[in-house]
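Student: After the structure tokens below, expect a handful of questions from me.
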Amino acid sequence: MKLNIDEFETYAIEQGYESGTELFETLGYTAEDYEDYKDGKNITREMLMRLYTDIGAADVVGFVDFGRYEWEENIDLFDKL
């Protein structure tokens, strides 16, 4: 899973943030972390859960690229939410 940077930036601005970096920092991450995700770093299950909790699943699905995420193997993730 990866962060779709263009969609995340758009979402951040729509929510009143100056940039995706500002929103990322509001979520407790650093600007350096954001740069890593901009460079293609994968999102962990823990980060996905945190985004779902802090932002909401309906919004998160708009800026996370789930790719070939193995849903069957990770269905417990959604049971926790």
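Student: Whose amide H sits under 5 Å from the amide H of Asn4, counting only residues 5 or more places off or on another chain, with H placed in the peptide plane?
Tutor: Sorted by chain and number, the residues that satisfy this are Val64, Asp65.
Student: Between Lys2 and Thr44, what is the label-to-label distance in nm when each label sits 7 Å out along the Cα-to-Cβ direction?
Tutor: The two pseudo-label positions are separated by 2.0 nm.
Student: Compare Ile55, Ile13 by solvent-accessible area with a 1.4 Å probe and give them largest first, with all protein chains kept in place. Can you show the working numbers first?
Tutor: Values: Ile55 30, Ile13 100 Å².
The ordering from most to least exposed comes out as Ile13, Ile55.
Student: In whole Hz and in residue order, list the ³J(HN,Hα) couplings for the stretch 12-27 that follow from phi through the Karplus curve 6.51 cos²θ - 1.76 cosθ + 1.60, θ = phi - 60°; x for Gly and Pro.
Tutor: My calculation for the stretch 12-27 gives 4, 5, 4, 8, x, 8, 5, 6, x, 4, 4, 5, 4, 5, 4, 7 Hz in order.
Student: Apply 1/(1 + (r/R0)^6) to the Cβ-Cβ distance of Glu35 and Val61, taking R0 = 22 Å, and write down the FRET efficiency to the nearest 0.05. Intermediate values should be presented prior to the final figure.
Tutor: Values: r = 23 Å, r/R0 = 1.06.
The formula returns an efficiency of 0.40 here.
The values are calculated or read from the model by the stated rules, or taken from the named source; none is laboratory data. These numbers were taken from a predicted model, which means no experiment stands behind them. Here Cβ is always computed from backbone atoms with ideal geometry, including for glycine, and neighbour counts include all displayed protein chains. Surface accessibility is based on the protein's heavy atoms, side chains included, excluding ligands, DNA and RNA. Shrake-Rupley method; radii C 1.70, N 1.55, O 1.52, S 1.80 Å.
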